[in-house]
1. Please count how many residues of region 348-376 are free of Cβ contacts under 8 Å to residues at least 60 places away in the same chain and farther than 30 Å from Phe320 by Cα.
2. Go through region 364-383 and give me each residue that's of a type in the set (Val, Ile, Thr) and modelled with pLDDT of 95 or more.
3. Residues of region 253-290 being polar (S, T, N, Q), surrounded by fewer than 18 Cβ atoms within 10 Å (Cβ to Cβ) and touching a residue at least 40 places away in the same chain (Cβ under 8 Å), which ones?
4. Quick one: is Phe230 more than 23 Å from the chain's Cα centre (by Cα), of a type in the set (A, V, I, L, M, F, W, C), more than 24 Å from Thr120 (Cβ to Cβ) and surrounded by 19 or more Cβ atoms within 10 Å (Cβ to Cβ)?
5. If the Cβ limit is 8 Å and pairs must be 6+ apart or interchain, which residue in region 291-319 that is under 14 Å from Glu9 (Cα atoms) and in a loop (DSSP other than H, G, I, E, B) pairs with which residue that is of a type in the set (Phe, Trp, Tyr) and at pLDDT below 95?
6. Tell me whether region 162-176 contains one or more residues that are of a type in the set (A, V, I, L, M, F, W, C), surrounded by fewer than 24 Cβ atoms within 10 Å (Cβ to Cβ) and part of a loop (DSSP other than H, G, I, E, B).
7. Among the listed residues Glu85, Glu122, which satisfies the condition of being loosely packed, with under 14 Cβ neighbours inside 10 Å, within 27 Å of Ala160 (Cβ to Cβ) and among the acidic types (Asp, Glu)?
8. With respect to Arg50, determine if the residue is over 23 Å from Arg110 (Cα atoms), modelled with pLDDT of 95 or more and not small (Gly, Ala, Ser).
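The values are calculated or read from the model by the stated rules, or taken from the named source; none is laboratory data. No experiment lies behind these values; they were computed from the predicted model shown. Cβ placement follows ideal geometry from the backbone for every residue including glycine, while neighbour counts extend to all protein chains displayed.
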Amino acid sequence: MLLRYFYDETLAQASYMVGCVANGDALVIDAGRDIQQYIDVANQEGLTIRYVTETHIHADYVSGSHELAHATGAQLFLSDCGTPEWKYEKTNLPTVMLNDGDSWMVGNIRVEVIHTPGHTPEHIVFMITDTAGADEPIGVFTGDFIFVGDVGRPDLLEEAAGVVGTKEPGARLQYRNVVKFQAMADYLQIWPGHGSGSACGKALGAIPSTTLGYEKRFNPAFQFSNENDFVAWLLEGQPEPPKYFAQMKKVNRQIPALLKDTPTPTQLDRVAFEKLVAEGAQILDTRPIQQFSESYLPGTFASPASNKNFSTWAGWYVDFERPLYLVAYPDQLERILVQLRSVGVDNTPAFFDPQEIVTETAMPIPSMTVNELAERMPKNGLVVLDVRGASERADGYIANTQHIPMGFVPRHFDELAKDHPIVVHCQSGTRSSIVATVLLNNGYQNVTNVMGGFSAWEKANLPIER
């Protein structure tokens, strides 16, 4: 048996290849949309990808399962579990629909399906046995059920996809999954679908794998003997789900479009840029934070492509129903497109080279130091937005500030008067710079970013509420 691990740091997403060296067959689990990496490794190892599967309908990235099966001629295996209103739509590829207790062989490797609803109704995991040398399983690909130090959140259908009344029942199902796995052998290896930084849980560990025995001892989810206590713990303190999660659920349920059908951006000039700005087009500035902060382009919003959270942050604000134009350096465009397409931003018809459209007259986003902020608060009707996450806010905050997590700011435009000065801060100054561009792009004229954010406030020994 051969096992290969693939990890996308920008999404904190893991995928896997299981190969039978004896006959050369391979299975890929939870593939990302950038499928060439799997094809390259299979070729290097002398394997043929004959099977492609996934644990559930993903919410945080566009699945590459359909893309990979189409490219390789592999058979697609998808969950047929869950509720009738939440199932995969039909595809024209050869597909096997899976239910609890089903199994198939990848050469000498037996793959057994276990239905683990909770994170989502259709969620399944795959127990692996290398029958060439053992008659008991070696481990489980747990998807978004068991993580290192955590379990998958059950509230995404309700919080991100708007399916009301699903999070508490999901939490109770997750508890029963934990009880089921409590009875399994400690030696089983656990290969999770995400690592630290994913919004699919609240406290994921950073190491790539674990064992069931270790999780039984140290994972908080395994320490409960009362279902109600578990449910309360699991639902409390989950991070804010990015807005684009709802779009991912829709795309992955309906089967994603093939990348060959997505447009290749053409380069346009400054005249075209100014015309699109005048028309109110959707334009994303991907330059580094220092550049877009020092020479803001009116009519754009920003997310620095150099940051590993680029696609997640962009996904908060993109309108998927409209074309997205890019301000991007040509030598970075391919990487930027890969990351945007990983979260379903496919309609990118054109881009602009910053060197051709940024002029000497471009103005910086206004900024202030934390000491200047301390002197001005809470005078003159100043509105100070703390755009950090809820967990960051809980650890300490500046008095007389309004808390709106970064991605939720557009939901509160009606509450923010456009004729009042607005000051924005986050933890370090990056997210608040992005939010400042979003505000400026939506008609707010008097917007100021706090340099260094809450970290600088702490270092200056300014007062903190806890």
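1. Qualifying residue count for the region: 5.
2. Of everything in region 364-383, those that are of a type in the set (Val, Ile, Thr) and modelled with pLDDT of 95 or more turn out to be Ile365, Thr369, Val370.
3. Result: Gln254, Thr262, Thr266, Gln267.
4. Here the answer is no, as Phe230 does not meet what is asked.
5. The qualifying pairs are Asn307/Trp313.
6. Yes: one or more hits.
7. Glu85
8. No; evaluated as a whole, the condition is false for this residue.
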